[in-house]
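Chemist: Okay, here's the structure, questions in a sec.
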Amino acid sequence: MGMMKEFKDFAMRGNVIDLAVGVVIGGAFNKIVTSLVDDIITPAILTPALKAADLTDLAQLTIPGTAIKYGNFISNIISFIIVAFALFLVIKGINRMNKKEPAAPPPPPEPSNEEKLLMEIRDALKK
């Protein structure tokens, strides 16, 4: 029974659950970025290049006589750049929110009884 308890403790740790949520959200975000590249960026920006090559899809870009599809590679590079930029913006925002103000210096300690007595003696001697 000890092994099951250890596994439950491991699985229910905050870090594991946060990681699972991050992976699920990352998968959904990947679909959004893929759609952005395939459905918006490629037709809008790369259409003239594809028409010049007499192609309709970026995936059709291949090295003649081989099965090397460098069009897919270009699409994946564009997707990576978008994901990396989005993560950069998210991390930058998180860092801005977590920026801590410098702590105010602690007030000086109150003088001890001996120091108070010495200050009274000093003040009495000045009079």
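Chemist: Can you tell me the 0 to 90 degree angle between the C-alpha axis of helix 2-11 and the longest principal axis of the chain, rounded to 10?
Modeler: That helix lies at roughly 80 degrees to the long axis.
Chemist: Between residue 119 and residue 92, what is the spin-label point distance in nm, taking each point 7 Å from the Cα along the Cα→C-beta axis?
Modeler: Each label point is offset 7 Å from its Cα along the Cβ direction, giving 5.1 nm.
Chemist: Give me the angle, in degrees from 0 to 90, between the Cα long axis of helix 42-52 and the longest principal axis of the Cα atoms of the chain, rounded to the nearest 10.
Modeler: 40 degrees
Chemist: May I ask for log10 I(q)/I(0) of the chain at q = 0.11, 0.13, 0.18 Å⁻¹, from a Debye sum over the Cα atoms as equal point scatterers with solvent left out?
Modeler: Treating every Cα as an identical point scatterer, log10 I(q)/I(0) equals -0.72, -0.83, -1.06.
Chemist: Using a Gaussian network model of the chain whose springs link C-alpha atoms within less than 10 Å, name the residue from 89, 55, 19 with the highest mean-square fluctuation.
Modeler: Of the options given, 19 has the highest mean-square fluctuation.
Chemist: Top mean-square fluctuation among 37, 90, 21, Gaussian network model of the chain, C-alpha springs under 10 Å?
Modeler: With Cα springs under 10 Å in the chain, the top fluctuation among 37, 90, 21 is at 21.
Chemist: Given the -39500 (n - 2.57) contribution per DSSP H run of 4+ residues, what per-residue ellipticity at 222 nm results for the chain, rounded to the nearest 500 deg cm²/dmol?
Modeler: That comes out to -23000 deg cm²/dmol.
Chemist: Stretched out fully, how many nm does the piece from residue 76 to residue 34 gain, at 0.36 nm a residue minus the Cα gap? Each step should come with its number before you reach the end.
Modeler: On the way: separation 42, 0.36 × 42 = 15.12 nm, distance 0.84 nm.
Length gained, residue 76 through residue 34: 14.3 nm.
Chemist: Here is a further query. Shape verdict for segment 1-64, please, from the Cα gyration tensor: rounded (a/c under 1.5), prolate (a/b greater than b/c) or oblate.
Modeler: Cα axes put segment 1-64 in the prolate bin.
Chemist: Counting other Cβ atoms within 10 Å, which trypsin sites (Lys or Arg not before Pro) in segment 1-47 have at most 12 and lie in a DSSP loop? Walk me through the numbers on the way to the answer.
Modeler: Values: sites: 5, 8, 13, 31; in loops: 13.
For trypsin sites (Lys or Arg not before Pro) across segment 1-47 that sit outside H, G, I, E and B with at most 12 neighbouring Cβ atoms in 10 Å, the list reads 13.
Chemist: Starting from the Cα of residue 127, step 7 Å along the direction of its Cβ; do the same at residue 100; then give the gap between the two resulting points in nm.
Modeler: Each label point lies 7 Å from its Cα, and together they span 4.8 nm.
Chemist: Kindly write out, for segment 71-83 in residue order, the coupling ³J(HN,Hα) from the Karplus curve 6.51 cos²θ - 1.76 cosθ + 1.60 (θ = phi - 60°), rounded to whole Hz, with x marking Gly and Pro.
Modeler: x, 5, 4, 4, 4, 5, 5, 4, 4, 4, 4, 5, 5
Chemist: What percent does the relative contact order of the chain come to when contacts are Cα pairs within less than 8 Å and at least six residues apart?
Modeler: This gives 15 percent for the chain.
Chemist: Oh, and also: DSSP loop trypsin sites (Lys or Arg not before Pro) in segment 60-102 with at most 12 other Cβ atoms within 10 Å of their Cβ, which ones?
Modeler: Passing sites in segment 60-102 are 99, 100.
FYI, it's all coordinate maths here, none of it is from the lab. Being a predicted model, the structure only gives us computed values, none of them experimental. Cβ: placed from backbone, ideal geometry, glycine included. Neighbour counts: every protein chain shown.
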